[in-house]
Every structure is written in structure tokens, then in C-alpha cells.
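So the structure is just underneath, and the comments pick up after that.
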Amino acid sequence: MYSKNAWNKYSGKKLENLFGFNEDYKNFISKCKTERECVAYSVELAKKLGYQDLKEVTSVKAGDKLYVTNRGKNICIFQIGEDDLENGINILGAHIDSPRLDIKQNPVYEKNDFVLLDTHYYGGIVKYQWVALPLAIHGVVVKKDGEVINVVIGEDDKDPVLVITDLLPHLAQEKMQKSGAKVIEGEDLDLTVSSIPLSDEEKDACKKNLLKLLNEKYNIEEEDFLSSELEIVPAGKARDLGFDASMVLGYGHDDRVCAYTSMRAVLDAKMLKKTACAFLVDKEEVGSIGATGAQSKWFENVLAELLAKSGNFSDLRLRKMIENSKMLSSDVSAGYDPLYASAFEAKNAAYLGKGLTFNKYTGSRGKSGCNDASAEFMAEIRKVMDENDVNFQTAELGRIDLGGGGTIAYIMGNMGLTVIDAGVPVLSMHAPNEVVSKVDVFEAYKGYIAFIKNI
Ligand code: MN
Ligand code: MN
């Protein structure tokens, strides 16, 4: 159904299923606040359902259920279909990194009997949104001997949280004259983390006490920050939003809402003709570069291994497999916000409640940098969504010439496969707490299953 409010379809048992699925999703984003945590959760879920590591199997045949990970930060989950791989596979792609603050390599300093940690923001954050909020640390510290210490502090009710302080309004007259981009600057985003001195110490007594505590509690020394990846994220769980609980307020919907629904679609779909793949990727928020970004060769290497283990590999067969594959590159869309109506062109905006959003193109100005999906592919998708009773809409990213943006779609398009941008509309995108509609989460999940079964 095109551009209709999807809530009208749901009542009774169907509505219960919709809310139930969203409870699972809320649990996922409440626990998984880093790319590593998303991958670990996905591996655990896949294993429970009988999925095996592609690296550990010697042959691949129809009906097999496989997963494979890349440096703990990407995962591909495959359900092998009946059809020859050369005829292409159906791929659901999404990213699992979200905007955040990273702890610097040399972060610890003391000032006026406070100890602070220096951070460097990751992705496009609005800096003034990150002050005076309870924050948690998620990540890893790797010791020189290779031991990996997993760190999650600030989520349990008994845990402490951290904060970036802000100036009181009584003394903020000068600050309030600054532009939004400058009112809080990158180097001002330092965390206040402790304030008790180590007795008898003359210099840096508070810092020394913190380091002693970190060592006793977590076996971490100051130099260990050099080999750490510690991400500062909003503390606490995702919550129901609104008196009718129709929405979810939480951190990291961009793009874990598409990642979770894509992953669940591949895990839950039954009897597939074509092989289905959920590809969850890192580094989208900083340009999809590096060994764990979508531009990495890793995905192509995985497809080569899959083809080789299916027993009939040639370079030409691999290339044909890629060319014949089809993909929904899923990322959140800018939901139409009535408080900021002028940022949108109302006829071509994504609305919360109207279901899975397709962006034929994204980009900025004259569609610069976009993957422009073909009219033929768009027609195929309309047919499948309509035949499977999936509410969908089409949208652009805001008003022309206002800004713009991109996703991983063009990168996958460059590989030579057929791809379109899809996803769930979000309000307050990139803010510490973002908003999605539960009905869109569920329609996306249903739309992804319809795609992998019918395309
Ligand atoms: Mn995104
Ligand atoms: Mn983003």
C-alpha cells in the first residue's frame, strides 16, 4: 500500500505481534550500542538458530544457514536458497555504527581537583546536544598480551555514569551569542569522571586516585588507553514514546533499526528460492572507508568464499553472481517533522507511520553522489510490496539545496549489483535520542522478508 498510514491495518493479535517485535528491537538497541556489540549479539542469535561459521564449513548447499564476521565489526548472515548462486542473491544491507564520542588515545587529565577524559566525536553530531546528559562507556581495552577487556559502564542501575558539564544560563550571555556550530566545540566535549584525591600526593592526586581505581577494578593502566576503543554513548534503555506507546525513543536507531530488521528478516524467512544475505557494516557515519567499511573488499571476498565452497568457482561466475544480485541498502530516512516543516518538500518526504521508505536517489544539490535506482527495479519493488501487503512510501532527503547526504547504496552499486535505498523514517536523527514509529519498524521487517522471498 502506497503512502497510507499503516496503523489502521493492526488490531488484536496482529497488533500484539507488532508490539512484541518492537520489544525485541528495544532490547537489541538497549544492549547493542557499538558495532562490536551488534556483531556479538547477531552471532549469538544466529548460533542459537543453528547457523554455522562459513570459515568452519567445507561445503555449502541449499538450505545451509551461515554467518561470517570481519574483525568483530561486520557480519554477513546467509540463508542458502535453491537457485544457482550465479543467478544472484538477495541482499539486505545496513550499518551498525552510530554517531558518538570516542575516548582519545591520551585522554586523562586533572584540573582543579576534577579528573577529565578527552574525547573525539565520531560522525555528524550536533555537539550542544551531548552536554548535561548521563553517558555510558562501551568498548574494549586490549592489553599488550592480546587480552581483550570488554567494558560496559553506566547501564546497570548500580553503575556510575559520566557527564559533560555545561555553563549555567546565569553566566552564559557571551556563550549564547555564538552560532549553533560553535556554542559547544569539539575540544569542549570532555567527560568529568572523578574527584577524590589520593591522600598525601602533592601533584595530580585525583588523577592518581582514578588510575589506581581503574587498575584495581578493571586491570587497566593509563598506557592501555593507547590500545582501546571506548565509545561514549547515552546511558540507559530505549523507551516507549507517547501516551499510546506508538514510538520508540532511543540511541542509535540510525541505523540499527534497519540492521536489526534486516538481520531478523534473513533469520526468520523460510523456504527461499534465492540465497538471502544480511550484511551489517561499520564506518558508514565517517564515509564507509577502511577494512570494516562498505568500501572494503571484504564483502566481495565473502561472496567468493561462498561460491568456492558451493563447489563450482570461477572468476566469471563470481562476477555474474554480483551482477545478478539485488539489494536493499537500508538506512534511516529523515522523517517529516511538523516542527521543522520548511526543511522538507511535503509531497516527497518520509512520514512516520506510513511504512518502509524507498529513496530512488539521495545525494545533495543536483543529486550529487547519489545511487539512482532504475525505474525497472522500482517497479519490481512496488509489485512485491503491494502483493505482500507492505505499507511503503517514497522520499527524498529534505528540501533541495538545503543539504543532503548519502548511504552505502552507491558503493554497492559500484560493485555492479542492482540496489536501492530503503529504510525507516526517523525524527531527531543523530541526536542522543532518536525517534521511530513502531509500525514502521514492523513494516520494514515485513518488507525485507517480502524482498528476499519474492525478488
Ligand atoms: Mn545512517
Ligand atoms: Mn547517520
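The values are calculated or read from the model by the stated rules, or taken from the named source; none is laboratory data. All values derive from a computational prediction rather than experimental measurement. Virtual Cβ from ideal backbone geometry, glycine too; neighbours counted across all protein chains shown. Ligands, DNA and RNA are excluded from the accessible area calculation, which covers all protein heavy atoms including side chains. Shrake-Rupley method; radii C 1.70, N 1.55, O 1.52, S 1.80 Å.
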Heads up, I need the accessible area for residue 412: 1.4 angstrom probe, whole protein in place, Å², nearest 10. 0
Rolling a 1.4 angstrom probe over the protein heavy atoms, how many square angstrom per residue are accessible across the chain? 46
Starting from the Cα of residue 326, draw a straight line to each of the aspartates and glutamates and keep only those under 15 Å, dropping any in the same chain fewer than 8 residues away. 83, 84, 86, 300, 372, 376, 380, 421
Considering only DSSP beta bridges whose two residues both sit in the chain, what percent are antiparallel, to the nearest 5? 70
Rounded to the nearest Å, the spacing of the alpha-carbon centers of segment 407-455 and segment 126-140 is 26
Show which lysines lie in cross-link reach of residue 320 when reach means a straight Cα distance below 22 angstrom and same-chain residues fewer than eight apart are skipped. 61, 273, 274, 297, 309, 453
Projected label distance in nm at residue 319 and residue 129, using a 7 Å step from Cα toward the beta-carbon: 4.4
Do any trypsin sites (Lys or Arg not before Pro) in segment 1-84 lie in a loop, going by DSSP, with at most 13 other beta-carbon atoms within 10 Å of their beta carbon, and if so which? 61
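Against the globular-protein guess of 2.2 N^0.38 Å, express the Cα radius of gyration of the chain as a ratio, rounded to two decimals. Walk me through the intermediate numbers first.
Working: Rg = 23.1 Å, N = 455, 2.2 N^0.38 = 22.5 Å.
Compactness ratio reported: 1.03.
Over the chain, what percent of the accessible surface lies on carbon and sulfur atoms, probe 1.4 Å?
That fraction is 51 percent.
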Using the alpha-carbon atoms, what tilt in degrees (0 to 90, nearest 10) does helix 253-268 show relative to the longest principal axis of the chain? 40
For residue 212 and residue 49, compute 0.36 nm times the residue count separating them, minus their Cα-Cα distance, and round to one decimal in nm. 54.3 nm
Please compute the modelled spin-label separation between residue 114 and residue 428, points set 7 Å along Cα→Cβ, answer in nm with one decimal. 2.4
Can you tell me the order of 438-446, 366-374 when each peptide is scored by its average per-residue count of other Cβ atoms within 10 angstrom, highest first? 438-446, 366-374
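Select from segment 112-182 those GluC sites (Glu not before Pro) which occupy a DSSP coil region and have at most 14 other Cβ atoms within 10 Å, ordered by residue number. Walk me through the intermediate numbers first.
Working: sites: 147, 155, 174; in loops: 147, 155, 174.
The qualifying sites are 147, 174.
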Summed side-chain charge close to residue 452 - residues other than residue 452 whose Cβ falls under 11 Å, Lys, Arg +1, Asp, Glu -1: +4
Angle in degrees between helix 298-309 and the longest Cα principal axis of the chain, rounded to the nearest 10: 40
Helix 12-31: inclination vs the chain longest Cα principal axis, degrees, rounded to 10, gives 40
With only alpha-carbon atoms in the gyration tensor, what are the semi-axes of the equivalent ellipsoid for segment 70-161, in Å, largest first? 38, 18, 14
